[in-house]
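Okay, so here's the structure we're looking at.
The values are calculated or read from the model by the stated rules, or taken from the named source; none is laboratory data. Model, not experiment: these values are computed from the prediction. Please note: Cβ atoms are built from the backbone with ideal geometry, for glycine as well, and neighbour counts cover all protein chains shown.
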Amino acid sequence: MEILDYLRAAVEDGASDLFIVAGGPVSYKVKGAIRNINDEKVFPQETERLLTDLYAHAKRDMRRYLESGDDDFSFAVGGLARFRVNTYRQRGSMAAVVRVVAFDIPDWRSLHIPEEVMKLSAVDHGMVLVTGTAGSGKSTTQACVIDQINRTRSCHVITLEDPIEYLHRDQRSIISQREIAIDTESYLTALRACLRQAPDVILLGEMRDHETIRTAMTAAETGHLLIATLHTSDAVNTVDRIIDSFPPVQQAQIRIQLSTVLHTVVSQQLIPARDGGMVPAFEIMHSNSAIRSLIRDSKTHQIDNAIASGSAEGMISMDQSILNLFKNGLIDRDTAISYASNPEQLKRRLG
């Protein structure tokens, strides 16, 4: 089979990811389960041919991949879909994971994204963080929020992504999408430059180091809405990760700055649903006066209690979100318990 045949099969069967690894058949993930597309095993020579074809469709030079052993890029196939590709080496052979991305921004309601998350599209300044493990749907949530801004506000949105996944067409807003290593050198370089490009909203694909985090907080301080991603599991871990990325002598000042600029942390995970698909659970923390004090005073371990008592302000803990999914019949009891932050406590609440 040719690479386009595999890509088409993945799209038609509703797969989220396509796997090309030497030694076994090309496979894909459908509703959280990995399945072989056929019984035909691919070997190193075949995986090299398939990856070369991927690069040809993307019109991308393979030099970076051949030199480093890793690469990220995206491309579109007309009438089919967009694809986000990560190529890598394993056991001396070429391999790739290809994420299938729809051309159109998905409807947030069909994805079970809470209305409280979508309200973030109306925020005009401060830092909004969307966090979760790899593959938890962070990029899709961000894309839905940016799409809502595009439909409802007149502003300049700059996205810094590696690589670009969803393409936004200008509606009420102007959307400038920049891809790292193609349109700009790095996240930090692009972030510093975009402050001179009259942005109202900045989407930062990932905060990888303390210099990028510092510049992002400065952008949020100076009247911009900055939406960024971190690979953290919850609000407490997110705050600690940001502060711990700085040298100890700077952490007290960073706590004060973060408590001022942080607007919301949305943490999410995908959970197997009763129908065989996946459904997201969300923790939402808005920075009220109590949470700002906890961040300043280095009492982040008490943030969970503040979230639990902040339901009237739109906050929800991860375990409450999971409990709601169970009550709505979307997940079963054992799944709810296994994905909970505090399984024993959730078990008692389930009776």
Among GLY314, GLY277, GLY223, the single one that is touching an Asp or Glu at 6+ places or on another chain (Cβ under 7 Å) and surrounded by fewer than 18 Cβ atoms within 10 Å (Cβ to Cβ) is GLY314
The helices (runs of 4 or more DSSP H) lying wholly within segment 14-123 that contain at least 2 residues that are under 18 Å from the mean Cα position of the chain (by Cα) and either free of Cβ contacts under 8 Å to residues at least 24 places away in the same chain or closer than 30 Å to LEU330 by Cα (or both) are 115-118
Kindly evaluate ILE322 against the criterion of being surrounded by 13 or more Cβ atoms within 10 Å (Cβ to Cβ), modelled with pLDDT of 95 or more, closer than 18 Å to HIS112 by Cβ and in the same structural domain as GLY277 (by TED's automatic domain parsing). yes
Scanning for something crowded, with 23+ Cβ neighbours inside 10 Å, in contact with an Asp or Glu (Cβ under 6 Å, 6 or more places away or on another chain) and in the same structural domain as ARG153 (by TED's automatic domain parsing), does segment 265-272 turn up at least one residue?
yes
Expected single match for buried (at least 16 other Cβ atoms within 10 Å of the Cβ), touching an Asp or Glu at 6+ places or on another chain (Cβ under 7 Å) and either at pLDDT below 95 or among the aliphatic types (A, V, I, L, M) (or both) among MET127, MET118, MET94 is MET94
Yes or no: SER139 without any contact (Cβ under 8 Å) to a residue 60 or more places away in the chain, under 25 Å from THR218 (Cβ atoms) and not in a strand (DSSP E or B)? no
The residue that is surrounded by the most Cβ atoms within 10 Å (Cβ to Cβ), considering only those in segment 193-220 that are of a type in the set (D, E, K, R) and closer than 12 Å to ILE158 by Cβ, is ASP200
Taking segment 149-164 and keeping only residues that are more than 16 Å from the chain's Cα centre (by Cα) and more than 24 Å from MET217 (Cβ to Cβ), one is left with ASN150, ARG151, THR152, SER154
